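Below is one structure, written out as structure tokens; comments come after it.
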Amino acid sequence: MGRAKQNAASDMAKTETLNPDTQGISRAAELLSARRLVAFPTETVYGLGGDARADDAVAAIYTAKGRPSFNPLIVHLPDTSAAQRHVVWSAQAQALADAFWPGPLTLVLPLRAGHGLSDLVTAGLPTVAIRVPAHPLARQVLQAFGGPVAAPSANPSGRISPTTAAHVLAGLQGKIAAVLDGGPCEVGLESTIVALAPHPQVLRPGGATAAALAKVLGLPAQSLSEGAPKAGAQPKDITAPGQLLSHYAPGALVRLNATAPHPGEVMLGFGAVDGALNLSAAGDLNEAAANLFGYLHQLDQPGVAGIAVAPVPDHGVGVAINDRLRRAAAPRP
Ligand code: TXA
Ligand code: MG
């Protein structure tokens, strides 16, 4: 029957799972050098990596994710001096890099002449988003590869970001060359994205809070979040084009600020408001952030009509948690 033919095709497209050891790291670097796609762990979420200088590799990232090409990618680098090769650096960039790199902060800076990056990475913008991740495996892959790696979160576009290799395979099996399995991600939410021009502005809240960034820059915290995207914003209105309202969507509908599940719903608790799973029974926001995407993946089963989510306090990393929850709950396009 058609079966044999299908097997041959899926064998060709089989995604390798690489172990977190020297061999796995060098295989990841080898595949990246061959302009193939490799998912790898970072401290935030798994990234879907490709050579940021190669149009075909970057185009393949958009294809594998089914990502609209107006949404540019983050370029990952092993250290600050590698980052400086691609952008116009500034005193504010240096201050933030000193305070937060390696770590969950992405800086949007003007492209520098001779930056060498594929135009597809920036989706034609004059700026590029760069980040130096802290995860030891990410750093070892970047060092072994020796070039800039474009890596969006390793999930099909619009779906929940992956915090384990199993999440990556659930969404992208057969569509990418390999996934490097480094276990669960520690932070669990994507990096904070900050644009520095014309003035510092948080484009996406994350583990590095606006208050912590403002402190380093010597600015009032409020001034960094003024430009945050508003509900109902359209791609053309948005400075970070990925900040579409509906995003991170599980298959099941998501209802926020719930104190008990409605019939057909499963409950995702926080603190004293308990549920089938609890983001953090102790009410710890960092623990809740680390659990968020994994628990949404777990609760999002066929037959579950809805996920009711307990209120999460809107301070510290809670701001980033609520940002992702609002997007998961937003009307779908
Ligand atoms: O933690 C993270 O940041 C993860 C890990 C893998 O590093 N990556 C990640 O990438 O979340 P992604 O592609 O899912 O989100 C990238 C975001 C998008 O919202 C995109 O619009 C924004 O970065 N972005 C990229 N380049 C930009 C630019 N030049 N100006 C403004 N926003 C930009
Ligand atoms: Mg993403």
Report the label-to-label distance for R85 and D21 in nanometres (one decimal), using points 7 Å from each Cα along the Cα→Cβ vector. 3.1 nm
How much accessible area does H115 have with a 1.4 Å probe, in Å² rounded to the nearest 10? 40 Å²
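How big is the dipole moment of segment 247-333 about its Cα centre under a simple scheme where the beta carbon of each Lys and Arg is +1, that of each Asp and Glu is -1, and everything else is neutral? Debye, nearest 20, please. Walk me through the numbers on the way to the answer.
Values: 5 positive and 7 negative charges, 66 e Å.
Using Cβ point charges on Lys, Arg, Asp and Glu, segment 247-333 gives about 320 debye.
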Helix-only CD estimate at 222 nm, as mean residue ellipticity for the chain, using -39500 (n - 2.57) per DSSP H run (n ≥ 4): -9500 deg cm²/dmol
Under 18 Å Cα-Cα from K175, which aspartates and glutamates qualify once same-chain neighbours fewer than 8 residues away are excluded? D11, E16, E30, D51, D55, D56
Counting only heavy atoms of protein chains, what accessible area per residue, in Å², does segment 74-219 have with a probe of 1.4 Å? 35 Å²
Any chance you could check the Cα centroid distance between segment 94-129 and segment 294-323 for me, in angstrom? 30 Å
Treat every Asp and Glu Cβ in segment 1-129 as -1 and every Lys and Arg Cβ as +1, leave all other atoms uncharged, and give the resulting dipole magnitude about the Cα centre to the nearest 20 debye. 420 debye
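Normalised by the number of residues in the chain, what is the relative contact order in percent for Cα pairs under 8 Å and 6+ residues apart? It would help to have the intermediate numbers written out before the result.
Details: 740 pairs, mean separation 63.6, N = 333.
Across the chain, relative contact order equals 19 percent.
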In debye to the nearest 20, how big a dipole does the chain give about its Cα centre with +1 on each Lys and Arg Cβ and -1 on each Asp and Glu Cβ? 820 debye
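Carbon and sulfur: what percent of the chain's accessible surface (1.4 Å probe)?
Numbers: 7890 of 14230 Å².
Answer for the chain is 55 percent, counting heavy atoms of protein chains only.
The values are calculated or read from the model by the stated rules, or taken from the named source; none is laboratory data. Small disclaimer: the values here were computed from a predicted structure and weren't measured. Methodologically, a virtual Cβ is constructed for each residue, glycine included, from the backbone with ideal geometry; neighbour enumeration extends over all protein chains shown. These area figures cover heavy atoms from the full protein model, side chains too; ligands, DNA and RNA do not enter into them. Shrake-Rupley method; radii C 1.70, N 1.55, O 1.52, S 1.80 Å.
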